[in-house]
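*Asks:* Can you keep this structure in mind? I'll have questions shortly.
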Amino acid sequence: DLLVPLEILFTDPLKNFDTTKIQFVNEAYQPLTNYSFVKDSTNKKISLRFNWKENTAYNIIVDKDFAEDSSGRKIARTDTLKFKTLQEADYGNVKIRFRDLDMNKKPVLLLLQGEEIKFSTALTIPEFTKKLFKPGDYDIRILYDANGNGQWDTGEFFKKHLQPEKAEKVEKRLTIKANWDDD
């Protein structure tokens, strides 16, 4: 996916993780620069952050001692992980225009699949445009972000008499298709 880091998941937390024993290279095995490996707080996920190029092959060469989990397991031998990025044609383009959107209430566009927020952005004008958007069906909600923190807050009625922030559902569903402009 061009839009997110590559993730390597482990079933048990890592005890040791040595980035000097990992090489990130292109298809011709030439070393790449300007990337980073980031371990999450659970020690079960490593993310490779890089500015991906479309339709490009990459390799990660891992030494057998690059990682060890909490139960002492390592990979058996040095190995190469090969992968290829998606093409821009695998994504859709989105343009949404809103009528009667009160910009004074700090609107935030929320795109959901089920109850999970897949995308969120503050709106400064009553129009949203984005290229390279993941295909799928999305429910649209507009959050009126009273405190400007970019997320829905439940309020604190009993302590501060604050009501939950309003999030209005837009009746029209958004369908994004690969290699398609959704206007």
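The values are calculated or read from the model by the stated rules, or taken from the named source; none is laboratory data. As the structure is a prediction and not an experimental result, all values here were calculated from the model. With ideal geometry, Cβ positions are generated from the backbone for all residues, glycine too; neighbour counts draw on all protein chains shown. Heavy atoms of the whole protein, side chains included, go into the accessibility calculation; ligands, DNA and RNA do not. Shrake-Rupley method; radii C 1.70, N 1.55, O 1.52, S 1.80 Å.
*Asks:* Looking only at the range 126-143, filter to residues that are of a type in the set (Val, Ile, Thr) and under 26 Å from Glu88 (Cα atoms); which one of those is surrounded by the most Cβ atoms within 10 Å (Cβ to Cβ)?
*Replies:* Top of the filtered list is Ile140.
*Asks:* Ok, one more. How many residues does the range 20-47 hold that are open to solvent by less than 80 Å² (accessible area, probe 1.4 Å), among the hydroxyl-bearing types (Ser, Thr, Tyr) and under 16 Å from Asn59 (Cβ atoms)?
*Replies:* 1
*Asks:* Every residue in the range 48-62 that is closer than 19 Å to Leu9 by Cβ and open to solvent by 50 Å² or more (accessible area, probe 1.4 Å), please.
*Replies:* Passing the criteria: only Arg49.
*Asks:* Next question. Would you mention how many residues in the range 65-92 are closer than 23 Å to Lys177 by Cα, in contact with a strand residue (DSSP E or B) (Cβ under 6 Å, 6 or more places away or on another chain) and open to solvent by 50 Å² or more (accessible area, probe 1.4 Å)?
*Replies:* Here the count works out to 1.
*Asks:* Still on this structure, please answer the following. Quick one: would you say Phe119 is surrounded by 15 or more Cβ atoms within 10 Å (Cβ to Cβ) and over 17 Å from Lys166 (Cα atoms)?
*Replies:* Taking the combined requirement at face value, the residue satisfies it.
*Asks:* Let me ask another. Taking the range 54-70 on its own, how many of its residues are part of a loop (DSSP other than H, G, I, E, B), touching a residue at least 40 places away in the same chain (Cβ under 8 Å) and farther than 17 Å from Leu81 by Cβ?
*Replies:* 2
*Asks:* OK, next. Could you check how many residues of the range 1-16 are open to solvent by less than 60 Å² (accessible area, probe 1.4 Å) and either among the basic types (Lys, Arg) or within 17 Å of Leu81 (Cα to Cα) (or both)?
*Replies:* Final tally of qualifying residues: 5.
*Asks:* Could you tell me which of the residues Leu32, Leu48, Leu112 is touching a Pro at 6+ places or on another chain (Cβ under 6 Å) and modelled with pLDDT of 90 or more?
*Replies:* Leu48
*Asks:* A further question follows. What pairs can you find where one residue is in the range 15-37 and over 15 Å from Trp52 (Cα atoms) and in a strand (DSSP E or B), the other is among the small types (Gly, Ala, Ser) and at pLDDT below 95, and their Cβ atoms are less than 9 Å apart, with a gap of 6+ or different chains?
*Replies:* Lys15/Ala67; Lys15/Ser70; Lys15/Ser71; Lys15/Gly72; Asn16/Ala67; Phe17/Ala67; Ile22/Ala67
*Asks:* Any chance you could count how many residues in the range 74-111 are of a type outside the set (Val, Ile, Thr), assigned to a strand (DSSP E or B) and closer than 22 Å to Leu6 by Cα?
*Replies:* Of the residues in that region, 6 qualify.
*Asks:* What number of residues within the range 39-72 are over 24 Å from Tyr91 (Cβ atoms) and among the hydrophobic types (A, V, I, L, M, F, W, C)?
*Replies:* Of the residues in the range 39-72, 5 are over 24 Å from Tyr91 (Cβ atoms) and among the hydrophobic types (A, V, I, L, M, F, W, C).
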